[in-house]
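Colleague: Can you read through this structure? Questions will come right after.
The values are calculated or read from the model by the stated rules, or taken from the named source; none is laboratory data. Predicted model only: the values in this text are computed from it and were never measured. FYI the Cβ positions are ideal-geometry reconstructions off the backbone, even for glycines, and counts take in every protein chain you see. Side chains included, ligands, DNA and RNA excluded: accessible areas come from the protein's heavy atoms. Shrake-Rupley method; radii C 1.70, N 1.55, O 1.52, S 1.80 Å.
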Amino acid sequence: MSNIKFRHYDPEKIVHGKKMAEWLPFALAWWHALDAAGGDMFGAATADKSFGAELGTMAHARAKADAGFEFMQKLGIGYYCFHDRDLAPEGRDLAETNDNLDEIAEYILEKSRATGIKCLWGTANLTKHPRFMNGAGSSNSPDVFARAAANVKKTLDLTVRLGGRGFVFWGGREGYDTLWNTDMRFELENIAALMRAAVAYGRKAGFGGDFYIEPKPMEPAKHQYDFDAATAIGFLRRYGLDGDFKLNIEANHATLAGHTFRHELRVAAAEGLLGSIDANTGDTLLGWDTDEFAYNVYDTTECMYEVIRAGGLTGGFNFDAKTRRPSYTAQDMEQAFVLSMDAFALGLIKAAAIIEDGRIDAFVKERYAGYSSGIGARIRSGDATLEELSDYAAKQGEPPLPGSGRQEYIENVVNEILFG
Ligand code: XLS
Ligand code: CA
Ligand code: CA
């Protein structure tokens, strides 16, 4: 029995001038939806993700693709995201591994043509295999660096072939466990070199989409270099990668960095680098990456406010999320996707209502109005010198208080729009 019934998500509904489906290009994460079976370090898997085939075989890889496409069609999800390692098992050597990937890519491509479901982004898994224990681009071993490059090259080829809009670098082991054995500057330069090589190859291979860094502060490494959006942006600018890269912001990673999801979105958007979103949620009481399906409508409203203000995403909303371990049935999966698709759809509706209501934006505009004339305009033009400002301050005497921030008023407006 199917439990699919949306209360808020309607792909055709026009919200703030665009169809919901255009605001919300939802994607399924191959690794969670089709692989994660509830196993953790204290207990075995609870869900059966064999799809009738033996795990780790090419037959299983095909069965996962069958199940994934059936599920996406049923839910009306238009995109998927993948790691190379999610798609097909590794072979005895690089050549066999790549053959496995080619075979499954062909299989997926046929399904893609038949259904219209496309790749949102691809990424190379540079964390799982023991060879990457010291990182990929940041590895102390040039041989491992070269193997990482080979995997990136192949995954870029797959992403191009599958029509992906983006290519992600998530640096789970690009960091350190102790500074005693680490040359940080050296490692950062090498990560940049790997990214530069990826851009050069990708553009040659016909990849016209965005590269993304997905910031995360820790886990599995104790400290990861792409700590948060601000840090990643600094890195991209420092190494001249900001023309080809944007950010893929994950809600749970924001929590781990001690930020809100909205903060990370705003930092990226303020720099014109908000590319895509990993739409999940963490738990503020837990210090790890729980990858839960988002259901908090305050969070999704804030997210969609940022997205609307940024003019939408060139990427999409990847459900990098898994059901809780005791929720192990296929119906639980359906409920999880309905829950989050509805939560983001309702967030979109409410964010649009907040913008269209106009009271909050009018207040924010008014709050900075002093900068539109007089000394404020001089400051904005960048021409005001410290001497000029100092003379102005001496003449005016004690400045009046800057005006109430009216936070509680604004929160009342938000609640009024959310709940009536
Ligand atoms: C792990 C990350 C990972 C990336 C893709 O924490 O979220 O799943 O999204 O490698
Ligand atoms: Ca993610
Ligand atoms: Ca995560």
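Colleague: What's the total number of residues in region 115-132 that are in a helix (DSSP H, G or I) and touching a residue at least 40 places away in the same chain (Cβ under 8 Å)?
Modeller: 2
Colleague: Kindly indicate the residue of region 26-75 that is of a type in the set (Phe, Trp, Tyr) and under 23 Å from Pro220 (Cβ atoms) and also most open to solvent (accessible area, probe 1.4 Å) among those meeting that condition.
Modeller: Phe42
Colleague: Looking at Ala384, Ala351, which one is of a type in the set (Gly, Ala, Ser) and either open to solvent by 90 Å² or more (accessible area, probe 1.4 Å) or under 28 Å from Ala294 (Cβ atoms) (or both)?
Modeller: Going through Ala384, Ala351 in turn, the sole match is Ala351.
Colleague: Since Gly172 meets every condition but one in (1) touching a Pro at 6+ places or on another chain (Cβ under 9 Å); (2) more than 16 Å from ligand 3 (Cβ to nearest atom); (3) small (Gly, Ala, Ser), which condition does it not meet?
Modeller: The failed condition is (2).
Colleague: Considering only residues that are part of a loop (DSSP other than H, G, I, E, B), touching a Ser or Thr at 6+ places or on another chain (Cβ under 8 Å) and of a type in the set (A, V, I, L, M, F, W, C), which ones fall in region 308-323?
Modeller: Leu313, Ala321
Colleague: Can you list the helices (runs of 4 or more DSSP H) lying wholly within region 1-110 that have 1 or more residues being more than 26 Å from Ser276 (Cα to Cα) and basic (Lys, Arg)?
Modeller: Passing ranges, in order: 58-75.
Colleague: Also: Scan region 160-204 residue by residue and report those that are small (Gly, Ala, Ser) and more than 17 Å from Cys119 (Cα to Cα).
Modeller: Hits for region 160-204 are Gly171, Gly172, Gly175, Ala192, Ala193, Ala197, Ala198, Ala200.
Colleague: Can you pull out the residues in region 321-335 that are within 16 Å of ligand 2 (Cβ to nearest atom) and either open to solvent by 10 Å² or more (accessible area, probe 1.4 Å) or without any contact (Cβ under 8 Å) to a residue 60 or more places away in the chain (or both)?
Modeller: Across region 321-335, the qualifying residue is only Lys322.
Colleague: Same structure, new question: Count, please, the residues in region 359-396 that happen to be of a type in the set (A, V, I, L, M, F, W, C) and in contact (Cβ under 8 Å) with a residue 40 or more places away in the chain.
Modeller: Residues meeting the conditions: 2.
Colleague: Restrict the check to region 4-15 and report whether at least one residue is within 25 Å of the chain's Cα centre (by Cα), of a type in the set (A, V, I, L, M) and more than 25 Å from Asp157 (Cβ to Cβ).
Modeller: Yes, there is a match, as at least one residue in region 4-15 is within 25 Å of the chain's Cα centre (by Cα), of a type in the set (A, V, I, L, M) and more than 25 Å from Asp157 (Cβ to Cβ).
Colleague: Quick one: is Gly316 open to solvent by 10 Å² or more (accessible area, probe 1.4 Å), small (Gly, Ala, Ser) and within 16 Å of ligand 1 (Cβ to nearest atom)?
Modeller: No, not satisfied.
Colleague: In region 1-50, what count of residues is obtained for those that are hydrophobic (A, V, I, L, M, F, W, C) and under 20 Å from Arg325 (Cβ atoms)?
Modeller: Selection size over region 1-50: 13.
Colleague: Could you check region 167-209 and list, in sequence order, the residues that are open to solvent by 30 Å² or more (accessible area, probe 1.4 Å) and of a type in the set (D, E, K, R)?
Modeller: Arg173, Asp177, Asp183, Arg185, Glu189, Arg196, Arg203, Lys204
Colleague: Hey, any hits in region 274-282 for a residue that's away from ligand 3 (no atom under 16 Å from the Cβ), surrounded by fewer than 24 Cβ atoms within 10 Å (Cβ to Cβ) and modelled with pLDDT of 95 or more?
Modeller: No: zero hits.
Colleague: Do you know which residues across region 109-144 are touching a strand residue (DSSP E or B) at 6+ places or on another chain (Cβ under 8 Å) and either crowded, with 19+ Cβ neighbours inside 10 Å or among the polar types (S, T, N, Q) (or both)?
Modeller: Across region 109-144, the qualifying residues are Ser112, Ile117, Cys119, Leu120, Trp121, Gly122, Thr123, Ala124, Asn125, Gly135, Ser138.
Colleague: Of everything in region 326-354, what is in contact with a His (Cβ under 7 Å, 6 or more places away or on another chain) and aliphatic (A, V, I, L, M)? Give them in sequence order.
Modeller: Within region 326-354, Ala345, Leu346, Ile349, Ala352 meet the criteria.
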